[in-house]
1. I need the phi-derived Karplus couplings for the range 142-154: 6.51 cos²θ - 1.76 cosθ + 1.60, θ = phi - 60°, integer Hz, Gly and Pro marked x.
2. With equal scatterers on the alpha carbons only and no solvent term, can you work out the Debye log10 of I(q)/I(0) for the range 7-49 at 0.31 1/Å?
3. Just to be sure I follow the rule: in the range 1-160, considering lysines 8 or more places apart or on different chains, how many pairs have Cα atoms under 19 Å apart?
4. Note the full-extension length gain between residue 142 and residue 159 as 0.36 nm times their separation in residues minus their Cα-Cα distance, in nm to one decimal.
5. Residue 64: net charge of surrounding residues, Cβ under 13 Å, Lys/Arg +1, Asp/Glu -1, itself excluded?
6. Sort largest first and round to whole Å: the equivalent ellipsoid semi-axes of the range 1-86, each the square root of five times a Cα gyration tensor eigenvalue.
7. Count neighbours as other Cβ atoms within 10 Å of each site's Cβ, and list the trypsin sites (Lys or Arg not before Pro) in the range 44-153 that are DSSP loop with at most 15 such neighbours.
8. At 7 Å along Cα-to-Cβ for each site, give me the label-to-label distance between residue 101 and residue 27 in nm.
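The values are calculated or read from the model by the stated rules, or taken from the named source; none is laboratory data. For clarity, every value in this text was computed on a predicted model and none was experimentally measured. FYI the Cβ positions are ideal-geometry reconstructions off the backbone, even for glycines, and counts take in every protein chain you see. These area figures cover heavy atoms from the full protein model, side chains too; ligands, DNA and RNA do not enter into them. Shrake-Rupley method; radii C 1.70, N 1.55, O 1.52, S 1.80 Å.
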Amino acid sequence: MYDKKAAVEAILFANGSPAEPDKIAQAIEMEPSQTEKLILELMDDYEKQERGIRIIKLNKSYQMVSAKKFAPEIRKVMDLRRNTPLSQAALEVLAVVAYNQPVTKAFVEQVRGVDCSGVLGSLTTKGLVEEKGRLELPGRPLLYGTTENFLRCFNLESIENLPPLPESDKNANLEEESKKEQPENNSNEIEQSDK
């Protein structure tokens, strides 16, 4: 029974949202009434041990939550994490995603030239970037795009309201292209003058 009780605890923790005893019972292969008894035992254990987590009943479901008395500490940590300013790398990744979405991680890494896994994970946690599906290619890579929270944070009505890319970047690209063409033209001129 200890393993079953531990399994119930793991399910409630991993689920994150309310779970019905019937579904938990199916997962641990027990009767719903026995499963509910295990959940009530866990609730008592947490209360008696004055742990930082609790199990609460919501209608006919159960959910694991933090203890009310630790709300101030939890709020401090959440505010600290939420209010951490974006790093330069995060801003760069966010710009690549915003202007080119939906994009794959490989595309972002190609543009930036470095691994972006951690930064994409951080932006996803902050609710600025989200998965938008999968690309129909081998391996089916994830596609990323910005969220409504991104629009809210940057005070945009829609993605179409993003400011245009700076002209200097466009001019730099045009200059590079013209420089690539110039050596070929000069070599043609030299060949023609030699004849």
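1. Per-residue couplings from phi come out as 5, 9, 10, x, 7, 10, 5, 4, 4, 4, 4, 5, 9 Hz.
2. Log10 of I(q)/I(0), two decimals: -1.15.
3. 22
4. 4.1 nm
5. Charge balance in the 13 Å sphere: +1.
6. On the way: eigenvalues 161, 42, 23 Å².
Working from the Cα gyration tensor, I get semi-axes of 28, 14, 11 Å.
7. Qualifying residues, ordered by number: 51, 60.
8. 3.1
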